[in-house]
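J.: Before we start, here is the structure in question, set down as structure tokens.
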Amino acid sequence: MAPRGRGEYRDPGYPAAMPIDPADVDATLTTTRAVRRRLDLDRDVDNQLLLDCIDIAEQAPTGGNLTSRRWLIVRDPVVKAALADLYNERTGRWMTETAAQLAGTGHPQEKVMTSAAYLAEHLAEVPALVFLTIIGRHDGSGKPGLFDSVIQAGWSFCLALRARGLGTSWVTAIFSDEDRVRELLGIPPENTPIVMLPVAWTKGTDFRPAPRYPARSITYFDSYGRTFETGPQPGNRFADGPGTIAETDIAAPVSAVWALVTDINVPAAFSTEFLGAEWEGEDRGVGATFLARNNHPAVGEYQIRCWIDAREENRSFGWRTSDPDRPGARWRFDLEQGPGRTRLRFSVTMGPGSSGTSTAIERMPDREERIVLRRIREMRPNMQRTVDGIRQLAEERQI
């Protein structure tokens, strides 16, 4: 049979008005994980199954509707062995050594590195290595280009595999020697290789969603960094818990950053509003209190009592103001350790209790939106200066 031309998609036989169960779609989307140690290396994967998944992936949105993606399925044991050797030479051995160093430490990257090392050691045994390429070369300009027409197809391929009981992982480190990959696979110079996807049946299908930040903490409304606990209703209401977030990546271990965020006086070195604080008593855990001194142009200098409401070593440190049950605001540092860096997030949520902001709204209810947005614009620069200052201190201490 002659190969099908462009536009001749092989119809899988779906009904014209096939009902879609959102729960099934959501389950596939949230449980498609990077699979390495649970790949079944002994069970063959039929080529037609891979082609079916590629057919589905090719339905992904494409810039200009120009289908420039090209796929390679590698099964030749000699070629797979050569690719595995290259991968181990460039990255795999480092993964294996790092996994050995982290074993038993409880480090956040311990499981990931153990899994990555396993794949590196067994890459040549995976039934099929699928490469996704695209016609064209990325110009490095930062403008939308090749990748806006290829990444979504790669992800669709992963989803199609998951729906059929197969798994893979997104591998790009092998392209640190792109010339050698091109040589082994005969990829022409006008094509860009994007990702290698080692494909196999999975041992079991009981994959679960991964821990992620909730949408409300990473989704902003109308301006970068602007958050709401609920809603928001039209008009940016105080009742919706408005707030903001500042964050930065720090080239320092999480323990070094933790020591700074739990020093309640450090932000005073960077904020134009916060002047300093003093602990009340010896307790430093959840429930402990401190008095904070602040200065605001509208009210002058004032003190406010704060209650620690979150303290998980090397992960989170937070407090609430005015009233522990109905706080005027809730402030929090969150730390996330990654390879060679610590990500620091500083967030605040206003309300639901009384504060200077709520008092101003009570006096001028017709100006509620303006008052809320002005307060957010006041807080965020100070918060960004604080996380940037902590970054500078932490990184200087590593020198």
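The values are calculated or read from the model by the stated rules, or taken from the named source; none is laboratory data. Everything numeric in this text was worked out from a predicted model, so none of it was measured. Because the Cβ atoms are built from the backbone with ideal geometry, glycine has one as well, and the counts that use them run over all protein chains shown. Keep in mind that these areas ignore ligands, DNA and RNA; they rest on the heavy atoms of the full protein, side chains included. Shrake-Rupley method; radii C 1.70, N 1.55, O 1.52, S 1.80 Å.
J.: With +1 on the Cβ of every Lys and Arg and -1 on the Cβ of every Asp and Glu, and nothing else charged, how large is the dipole of the chain about its Cα centre, in debye rounded to the nearest 20?
T.: Here the size comes out at about 400 debye.
J.: In addition: Tell me, how many Å apart are the Cα centres for the range 316-349 and for the range 41-104?
T.: 40
J.: Follow-up question, since we're still on this one. Add -39500 (n - 2.57) for each DSSP H run of 4 or more in the chain, then divide by its residues: what number comes out at 222 nm, to the nearest 500 deg cm²/dmol?
T.: The per-residue figure over the chain is -9500 deg cm²/dmol.
J.: Just in the range 175-239: which chymotrypsin sites (Phe, Trp or Tyr not before Pro) are loop by DSSP and have at most 15 other Cβ atoms within 10 Å?
T.: TYR220, PHE221, TYR224
J.: Ignoring trypsin sites (Lys or Arg not before Pro) that are buried or in helix or strand per DSSP, and keeping those with at most 10 other beta carbon atoms within 10 Å, what is the longest stretch of the chain between them?
T.: Longest stretch, sites excluded: 11-211.
J.: Any idea what log10 I(q)/I(0) is at q = 0.15, 0.21, 0.31 Å⁻¹ for the range 32-88, Debye with uniform C-alpha scatterers and no solvent?
T.: The computed values of log10 I(q)/I(0) come out as -0.69, -1.11, -1.23.
J.: Which label marks the calculated value of Rg and Dmax of the Cα atoms in Å, given the options [x] 26.4, 83; [y] 29.3, 94; [z] 19.8, 61?
T.: Identified label for the calculated read-out: [x].
J.: Do any GluC sites (Glu not before Pro) in the range 301-332 lie in a DSSP loop with no more than 12 other beta carbon atoms within 10 Å, and if so, which?
T.: Answer in residue order: GLU313.
J.: With a 1.4 Å probe and every protein chain left in place, work out the accessible area per residue of the chain in Å², rounded to a whole number.
T.: Here the per-residue accessible area is 53 Å².
J.: Through the Karplus equation 6.51 cos²θ - 1.76 cosθ + 1.60, θ set to phi - 60°, convert the phi angles of the range 55-68 into ³J(HN,Hα) values in whole Hz; use x for Gly and Pro.
T.: In residue order, the calculated couplings are 3, 5, 4, 6, 7, 5, x, 9, x, x, 6, 9, 7, 9 Hz.
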